[in-house]
Amino acid sequence: MRAARRVVVKIGTNALTNATGRFNRAHFEALSEDLLWAARDRELVVVSSGAVALGVERLGLPARPKDIPGKQACAAVGQSRLMQAYEEAFGRADRRVAQVLLTHGDVQDRRRYLNVKHALERLIEAHVVPIINENDTVSVDELKFGDNDTLAALVAGGVEADALVVLSDVEGLYTADPRKHPDAQLMPQVDTVTPELLALAGGSGSQVGTGGMATKIRAAARVTELGVRCVITSGAVPGRLRAVLAGESVGTLFETSGSRRSARMAWIAHALKSKGRVLVDEGARTAVVTAKRSLLPSGIRSVEGDFGRGDPVDLVDARGEVFARGLSAYDAGELRRIAGLKSTDIEPALGYRYIDEAVHRDDLAVL
């Protein structure tokens, strides 16, 4: 972590607000000093929550709205206040910041994803610190990331960061929920994210934030596949970011995996939202996962959803587990007609044939 030159820092809502969900100015100032310190000799990208919470405060609401229009209204009011705070904090050190608001649609489309990547690269080259947030004002369910942990992971992969630091409301990953189990132990390092680790995590930890520990662990799993180290630690403790980047053992470090996904495979695996499900037999699962082969029509048992040719689909095994995601070579209706058939029978069944595979290996990412 000490050697990381390009760092993405994700700041959660709870790292910017007090126990009642109101903006904590004193704590924000201390956190800003840490960010400025990190930006002195590193390339820094910030993914920051807090717009909705600041909107709630500005509008004088008793609590965060539960309906989408209410959240969107709060985000519209709070986003300018959030950027003003960053502008003032970084401006005191003569550092420039840029607001970048994204929806999931900006990464779902490959061309728009590359446009975002290139824009961020240009900002970094100009020594500007991008302040990134989800565009909550216009986001709807199908276009939402769901939480800024997921957004931060996608950003870290997109800008090819060396490290992702997630500043949360907890110290890191524990052996149990420390709010319920006082004897829970902090796990200083995780080498591999397993289903058992995910089982340790619960839901959102507060009424003002959206991401829980499970989303942070998934974010860590995504970036470590790309060779990006990740640390989850408390954002409520001043100086914690400095400690992480100084190489101190604080929070939980997620070490990189041995193999690295290509940028395109990472985009398929993590940036895309599935439009349908393709249920396959055990032989097809083995061919895709173990033999690294394409999915052939003969291995398909059934097809769920309504999707077009080239849309992302999840591959599901006989146990109901999603084990891969890929771009379908045929639309849903076509796949239903050729499910279970040999590749040589595609043309007789459809009257035409695009390719022999239902999902080609080059368009397929094992999860």
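The values are calculated or read from the model by the stated rules, or taken from the named source; none is laboratory data. Remember, predicted model here, so these are calculated numbers, not experimental data. Positions of Cβ are backbone-derived with ideal geometry, glycine not excepted, and every protein chain shown enters the neighbour counts. Quick note on the areas: whole protein, heavy atoms, side chains included, nothing else; ligands and nucleic acids left out. Shrake-Rupley method; radii C 1.70, N 1.55, O 1.52, S 1.80 Å.
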| said: Looking at residue 113 and the list (1) farther than 23 Å from residue 168 by Cβ; (2) out of contact with any helix residue (DSSP H, G or I) (no Cβ under 6 Å at 6 or more places or on another chain), which single condition is not satisfied? | reply: (2)
| Has region 157-174 got any residue that is part of a loop (DSSP other than H, G, I, E, B), more than 20 Å from residue 4 (Cβ to Cβ) and at pLDDT below 85? | yes
| Within the set of pairs 6 or more residues apart or between chains, which connect a residue that is at positive phi inside region 167-182 to a residue that is assigned to a loop (DSSP other than H, G, I, E, B) and open to solvent by less than 70 Å² (accessible area, probe 1.4 Å) with Cβ atoms less than 7 Å apart? | 172/187; 172/251
| request: Would you check which residues across region 273-292 are among the charged types (D, E, K, R) and in contact with an Asp or Glu (Cβ under 9 Å, 6 or more places away or on another chain) and list them? | output: 273, 275, 277, 281, 282, 285
| Which residues, taken from region 196-221, are in contact with a Leu (Cβ under 8 Å, 6 or more places away or on another chain), open to solvent by 20 Å² or more (accessible area, probe 1.4 Å) and modelled with pLDDT of 85 or more? | 218
| Condition broken by residue 339, with the remaining ones in (1) closer than 22 Å to residue 108 by Cβ; (2) buried (at least 18 other Cβ atoms within 10 Å of the Cβ); (3) not hydroxyl-bearing (Ser, Thr, Tyr) satisfied | (1)
| query | Can you find even one residue in region 35-52 that is touching a Ser or Thr at 6+ places or on another chain (Cβ under 8 Å) and surrounded by fewer than 24 Cβ atoms within 10 Å (Cβ to Cβ)? | reply | no
| said: Go through region 69-94 and report how many residues are open to solvent by 70 Å² or more (accessible area, probe 1.4 Å) and under 20 Å from residue 45 (Cα atoms). | reply: 7
| query | Can you pull out the residues in region 95-130 that are crowded, with 19+ Cβ neighbours inside 10 Å, in contact (Cβ under 8 Å) with a residue 60 or more places away in the chain and farther than 15 Å from residue 161 by Cα? | reply | 104, 107, 113
| request: Residue by residue through region 332-348, note down the ones that are farther than 15 Å from residue 311 by Cβ and assigned to a helix (DSSP H, G or I). | output: 337, 338, 343, 344, 345, 346, 347, 348
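For every residue, the table says whether it meets (1) under 19 Å from the mean Cα position of the chain (by Cα); (2) more than 16 Å from residue 329 (Cβ to Cβ); (3) not β-branched (Val, Ile, Thr).
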| residue | (1), (2), (3) |
| --- | --- |
| 224 | yes, yes, no |
| 228 | yes, yes, no |
| 237 | no, yes, no |
| 245 | no, yes, yes |
| 286 | no, yes, no |
| 301 | no, yes, yes |
| 305 | no, no, yes |
| When both residues are 6+ apart or on different chains and their Cβ atoms are under 9 Å apart, which pairs have a first residue that lies in region 348-361 and is more than 16 Å from residue 288 (Cβ to Cβ), and a second that is of a type in the set (Asp, Glu) and surrounded by 15 or more Cβ atoms within 10 Å (Cβ to Cβ)? | 349/334; 350/334; 354/334
| task | Scan region 154-195 residue by residue and report those that are among the hydrophobic types (A, V, I, L, M, F, W, C) and surrounded by fewer than 18 Cβ atoms within 10 Å (Cβ to Cβ). | result | 176, 184, 186, 187
| task | Among the residues of region 43-67, write down those that are within 21 Å of residue 212 (Cα to Cα), more than 21 Å from the chain's Cα centre (by Cα) and hydrophobic (A, V, I, L, M, F, W, C). | result | 54, 56, 63
